[in-house]
Structures are given as structure tokens and as C-alpha cells.
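Input: a single structure, listed below in C-alpha cells.
The values are calculated or read from the model by the stated rules, or taken from the named source; none is laboratory data. It should be emphasised that the depicted structure is a prediction, and the values quoted were computed from it without experimental measurement. In this analysis, Cβ positions are derived from the backbone assuming ideal geometry, glycine residues included, and neighbour counts consider all displayed protein chains. Only protein heavy atoms, including side chains, enter the accessible area calculation; ligands, DNA and RNA are left aside. Shrake-Rupley method; radii C 1.70, N 1.55, O 1.52, S 1.80 Å.
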Amino acid sequence: MAAAARVRCHCNALFTSHRNSSTLPISPSRVGFTALKCPRKFLLSIGDGSSSCTRNVSGSCLKGTVRAVMEEEKTDVIKEREGDEKRFTCVMKFGGSSVATAERMREVADLILAFPEESPVIVLSAMGKTTNNLLLAGEKAVSCGVSNASEIEELSVIKELHLRTVKELKIDPSVVTSFLEELEQLLKGIAMMKELTLRTRDYLVSFGECLSTRIFAAYLNKIGVKARQYDAFEIGFITTDDFTNGDILEATYPAVAKRLYDDWMHDPAIPIVTGFLGKGWKTGAITTLGRGGSDLTATTIGKALGLQEIQVWKDVDGVLTCDPTIYKRATPVPFLTFDEAAELAYFGAQVLHPQSMRPAREGEIPVRVKNSYNPKAPGTIITKTRDMTKTVLTSIVLKRNVTMLDIASTRMLGQVGFLAKVFSIFEDLEISVDVVATSEELDHVVEELEKIAVVNLSKGRAIISLIGNVQHSSLILERAFHVLWTKGINVQMISQGASKVNISLIVNDDEAEGCVEALHKSFFESGDLSELLIQPRLGNGSPLRTMQVEN
Ligand SMILES: Nc1ncnc2c1ncn2[C@@H]1O[C@H](COP(=O)(O)OP(=O)(O)O)[C@@H](O)[C@H]1O
Ligand SMILES: N[C@@H](CC(=O)OP(=O)(O)O)C(=O)O
């Protein structure tokens with residue numbers, strides 16, 4: 001469940017909420033903000049006087065990162081190798097849908113071989129729905145009893161899929177059999193312990209990527225293309241120990257580059273790397289990077305090796321104007337900036353992992369989103385900047401199942417103190433508002449907030465994010481509100497992101513899909529909106545900074 005918060009207080013001050021929100025002038029009576037996916041971050045500067053580096057780290061791993069950075073090799077692996085011939089040109093990541101069957105694996109191999117001029121590093125996700133099946137199997141194991149663990153339906157599905165795939169690809173089944181046996185043992189262990197910790201969960205789901213990459217590497221070798229399988233957690237993907245949501249640490253970049261380059265120099269072979277996985281720096285245990293984390297694996301490799309391009313191959317023709325499962329007339333967006341793509345991902349567009357743009361942006365490496373089912377489609381290219389002069393709206397993102405907190409000051413504290421206290425409650429409970437996972441956690445927040453405020457909790461809300469050129473916010477809002485007014489929809493909260501590419505509206509969840517469809521029709525299907533941009537602007541033309549809508 002996600003959450004958004006609205007704070008009411010009595011002050012006239014400039015208010016900066018968090019990463020995603022701009023500095024907002026507060027109205028005397030109310031201030032609105034949506035606090036969204038914002039793992040607690042600190043800026044950490046490390047330098048020796050002549051140079052320094054700054055990096056974002058989670059609060060919980062601040063100490064760990066300092067140590068990891070200190071232990072990091074001083075030399076920059078890429079610079080050190082500037083004299084060398086560039087060994088790799090791009091990274092190509094294929095998601096679960098791209099490698100769902102033996103047939104798909106063959107097609108992906110053909111696709112890779114269709115670009116002989118490229119020297120790629122390949123990143124793979126687990127086959128099809130394997131990650132979901134592993135998680136379901138783990139949950140069933142908790143309560144099914146040891147003697148029934150081998151009969152869990154999802155285990156059979158996983159076994160059957162992988163054994164069928166090796167058979168169809170005519171490769172040695174021993175590539176997968178020992179893993180499948182180990183998986184069954186693990187499920188028995190979970191059944192015995194009757195618990196599934198986050199650490200075990202990560203170990204459990206790691207089987208998906210470990211299996212798919214081994215099968216694919218074996219297949220390439222079988223058809224005469226030299227390939228080498230790598231488990232990311234063995235080649236330097238170092239993360240925080242936040243199981244199920246590990247954060248990549250800086251030490252990863254030189255370590256991964258060194259390993260991949262060294263191996264290539266000794267014995268050239270296409271690297272086939274497990275997406276999604278890492279190794280916790282303190283525990284040494286397998287971690288995962290959050291669902292869809294293979295995109296982040298790919299961009300991390302792209303930055304580590306200083307590649308020319310990062311390609312993420314999906315089952316859609318690129319990033320689309322909205323989720324095609326919500327509205328099927330969504331169309332590809334040819335160009336995006338890193339900011340737009342990051343915002344889109346942060347606000348819930350499943351097509352990209354929320355953190356995946358960070359390494360690409362830092363390394364200034366273009367990311368191309370392509371369709372492995374339709375390689376001829378141009379896809380989407382994501383770069384640092386693009387011509388925005390004719391851009392009004394780029395994409396519409398829907399995030400469902402949001403809980404809205406309405407927080408009104410009881411005036412027990414001064415204005416400044418009130419806001420500080422509200423934020424400290426979220427901080428103390430280690431909750432970044434958009435990632436509140438259970439209602440139990442929310443109860444806790446409400447309990448604490450009620451000591452200083454009147455709190456209203458509204459479930460069943462959705463966030464519709466309008467990603468585009470917020471320089472034209474008035475035009476976007478005018479049109480959006482017209483559409484929603486026509487449909488009789490009440491917008492309950494509105495907020496603008498600091499990145500200047502996002503306006504978010506909160507509406508009732510059960511009305512949200514209809515809103516997305518209506519907004520899509522108006523923004524993308526009713527003529528060129530950019531024509532309106534030539535109309536003279538009234539006022540100073542500066543974009544909207546804040547607005548609060550009362551329901
Ligand atoms: N704006 C969007 N553009 C494209 N796809 C989107 C968008 N929003 C959501 N999606 C969903 O994301 C899916 C692709 O992402 P994902 O399943 O993670 O790919 P993969 O597993 O291949 O990496 C699409 O099938 C689509 O349903
Ligand atoms: N297999 C993992 C990681 C991943 O990135 O998958 P995909 O690329 O299929 O979204 C998951 O399902 O979350």
C-alpha cells in the first residue's frame with residue numbers, strides 16, 4: 001500500500017518537503033504535499049582536499065558506505081584502462097517476458113547475434129513469472145508442513161518450466177537439476193522453520209536468475225557462441241543489507257569493471273549476468289534490488305564499464321504514453337530525459353525500476369527501451385536532455401491503493417515546530433511515506449501524529465501523475481481539470497515535483513482508470529497539443545509552483 005500525506009498548519013513560510021517536491025509557498029491555512037518513494041537518503045562527501053566525491057546513501061547504511069568507499073580501490077578502473085581497446089560496447093538486459101520459454105531464449109540469442117558489431121554484456125531476469133512463483137511457493141511452505149513442501153504447485157511449475165526449457169534447447173539438464181534440488185530443500189527448510197524472513201526470501205528468489213542465466217549461457221555455448229555465466233553477487237555487486245530492497249554501493253562499480261574486463265582479457269566470452277541480485281556488504285548474504293531490479297543491474301554495469309549504450313528489452317514498444325494494460329491505445333514515447341524516466345518509474349510505471357536511471361544519469365549513458373517481440377520498433381531513447389519546446393505531456397502514470405493522510409495542526413506547537421514534528425514522526429518510524437507496507441505501520445503513524453494533530457486517514461485513493469513539461473503547467477492543469485470536471489471527478493490533492501516534470505493528482509481509486517483513459521484521449525488523441533503553445537501567455541509565464549484543492 002502506498003500513502004500520500006496532506007498537512008494542514010498555520011504558517012506563511014517556504015516549505016521544502018522531500019526529494020520529489022519543490023519549495024512550495026504555504027498558504028496560510030493549508031499546505032499540500034505528496035511524500036513519495038523516498039528511501040531515506042543522505043549526501044555523503046568524501047574527499048582529500050583536492051578532490052571529493054558525493055554520493056547518495058540510505059541513512060541505515062551510512063556507516064557501511066563510508067567503510068565500503070574507503071576500502072574501494074583508489075584507482076578508477078575505467079581510466080586505468082583507457083589505453084586498452086574497449087572490450088564491451090553495450091549492455092543488453094532482457095526481462096522475464098523476453099526469456100519466458102525455450103523459444104524466446106532462441107529468439108533472444110538470434111537478436112543478440114543480429115548485432116555482430118556490438119560486443120555486449122547480457123543481463124537476464126528470471127524466466128517468465130518465476131519470481132512470483134518462487135515467492136508464492138515460499139509463502140505456502142511456511143504453513144504447508146515439511147512432508148507437503150515437495151508438492152507445492154508453484155515448485156512443480158518452476159521445475160517443469162526449467163526442465164522443459166533445457167530439453168527443448170538440447171542442453172545438459174545438469175545445468176539446472178542441482179539448483180532445482182536445492183530449491184526443494186530450501187522450501188522444506190522454510191516449512192520446518194515455519195517462517196520466511198526477508199533474507200530467506202531473497203535467497204529463495206535468487207534461484208530464478210541463477211537458473212535463467214545458466215540455461216542461456218549453456219545454450220549460447222552449445223550453438224558455438226562463447227559465453228560465460230556470472231552470479232552478480234559473486235562479481236562485486238555490493239549492496240546495503242536491506243533485504244528485498246538493497247541499494248547498490250559505490251564499491252560495486254570498480255569491482256564489476258575489474259572482474260568483467262580481467263576475465264575478457266584472459267579468455268573473451270559474452271558475459272551473461274544475473275539481474276536483480278547483489279550481496280549484502282555486512283552479512284555477505286544474497287540481496288535483491290527490489291522488484292524489476294534487473295534494469296538497475298543493467299544500468300549499473302553500463303556505468304561501471306563506461307559503455308556507449310544501455311538497452312533494456314521488454315515486451316512493449318518502449319515507454320508508452322500510459323500503461324497499456326490500463327488503456328490499450330497507449331503509444332510509444334520516442335524520447336525521454338533521465339528526469340522524466342525516473343519520475344515515471346518513481347510514480348509507479350512498472351516499465352522501469354525506480355532507481356535504474358541513477359547510474360545511467362551519473363554516467364551519462366543513453367538508455368534505449370526496446371521490444372524483444374518487435375525489435376524493428378524504434379523504442380524509446382532516454383538521454384540527459386532533449387528538445388522540450390514542443391512537449392506538453394509525455395506520459396500518464398497511475399499508482400493505485402494509496403492511503404491519504406490529512407493532518408491538521410492542533411496548534412499545540414508553533415508552525416515551524418509542527419512541520420518538523422510531522423516529519424520526525426515519519427523519520428522515527430523509518431517510513432518513507434509512499435512505501436508504507438501495512439496498515440499496522442499506518443496505525444502507528446496515526447497514533448503518533450494524533451499527539452500533535454487531527455489526523456484523517458482516507459483509504460482507496462490513487463495517484464495520477466502527469467509527466468511532462470511543467471513549464472506548461474497551466475495548460476496541463478487547465479486541460480486535466482476540464483477533463484475531470486466533465487467526468488464529475490473531484491481531485492482531492494495536487495502536487496508538483498521538484499524535477500519540474502511531474503504534476504500529481506489524487507482521486508478515488510475506483511475512478512482512477514476512467515480518469516487515465518479520459519486524460520489520455522484528451523492529451524494524446526485529440527490533435528496536437530503543442531499547437532496551443534503558440535498562443536500568447538498572460539502574466540509572466542512562470543510555471544505553477546503550488547496549488548491546494550479542497551474537496
Ligand atoms: N508507461 C508505460 N510504458 C510501457 N509499459 C508500461 C508502462 N507502464 C506500465 N507498463 C507495463 O510494464 C511492462 C513492462 O515492464 P516489465 O514487465 O517490468 O518488463 P520486463 O519484465 O520485460 O523487464 C509492460 O508490459 C506494461 O504492462
Ligand atoms: N525477476 C525479478 C527481477 C526483474 O527485473 O524482473 P523483470 O525484468 O522481469 O521485471 C522480478 O520479477 O522482479
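Observations on the model:
- With all protein chains in place and a 1.4 Å probe, the accessible surface of the range 84-314 carries 53 percent carbon and sulfur.
- Our coupling estimate for the range 390-396, obtained by passing each phi through the Karplus curve with A = 6.51, B = -1.76, C = 1.60 and θ = phi - 60°, is 9, 8, 10, 10, 9, 7, 10 Hz, Gly and Pro reported as x.
- Accessible area, probe 1.4 Å, largest first, for residues Phe179, Phe335: Phe335, Phe179
- Largest to smallest accessible area among His472, His353 [probe 1.4 Å]: His472, His353
- Whole-number D in µm² s⁻¹ for the range 121-227, Kirkwood Cα-pair radius fed into Stokes-Einstein, 20 °C, 1.002 mPa s: 151 µm²/s
- Values of log10 I(q)/I(0), in the order q = 0.11 Å⁻¹, for the range 84-314 under a Debye, Cα-only, solvent-free model: -0.53
- For the cross-link pairs Lys93/Lys226; Lys222/Lys303; Lys167/Lys376, the ones whose C-alpha atoms lie over 23 Å apart are Lys222/Lys303; Lys167/Lys376.
- Full extension of the chain between Thr101 and Glu234 yields a length gain of 45.3 nm, computed as 0.36 nm times the residue separation minus the alpha carbon distance.
- Inter-label distance, nm, simple model (7 Å from Cα along the C-beta direction), Arg386/Arg400: 2.8 nm
- Packing order of peptides 105-114, 135-144, 209-218, 384-393, highest average first: 209-218, 135-144, 105-114, 384-393 (average count of other Cβ atoms within 10 Å over each peptide's residues).
- Of the peptides 309-316, 127-134, the ranking by mean beta-carbon count within 10 Å, highest at the top, reads 309-316, 127-134.
- Cut-off 9 Å between beta-carbons: net charge of the residues surrounding Val501, Lys and Arg +1, Asp and Glu -1: -2
- Virtual spin-label span in nm between Leu429 and Lys226, 7 Å along Cα→Cβ: 5.7 nm
- Per residue, the average separation of C-alpha pairs within less than 8 Å and at least 6 apart gives the range 84-314 a relative contact order of 27 percent.
- Accessible-area value, Tyr203, 1.4 Å probe, nucleic acids and ligands omitted, Å²: 80 Å²
- Averaged over its residues, the range 84-314 has an accessible area of 37 Å² per residue, based on protein heavy atoms and a 1.4 Å probe.
- Taking each residue as 0.36 nm, the span from Asn374 to Glu118 lengthens on full extension beyond its C-alpha to C-alpha distance by 90.2 nm.
- For Ala227, the residues whose amide H sits under 5 Å from its own are Asn221, Ile270, ignoring neighbours fewer than 5 places away on the same chain, with H placed 1.01 Å from N.
- Potential lengthening of the chain between Leu198 and Thr331 amounts to 44.1 nm, from the contour at 0.36 nm per residue minus the alpha-carbon distance.
- In order along the range 244-253, the Karplus-derived 3J(HN,Hα) couplings, from 6.51 cos²θ - 1.76 cosθ + 1.60 at θ = phi - 60°, round to 6, 8, x, 9, 5, 8, 4, 4, 4, 4 Hz, and Gly and Pro are given as x.
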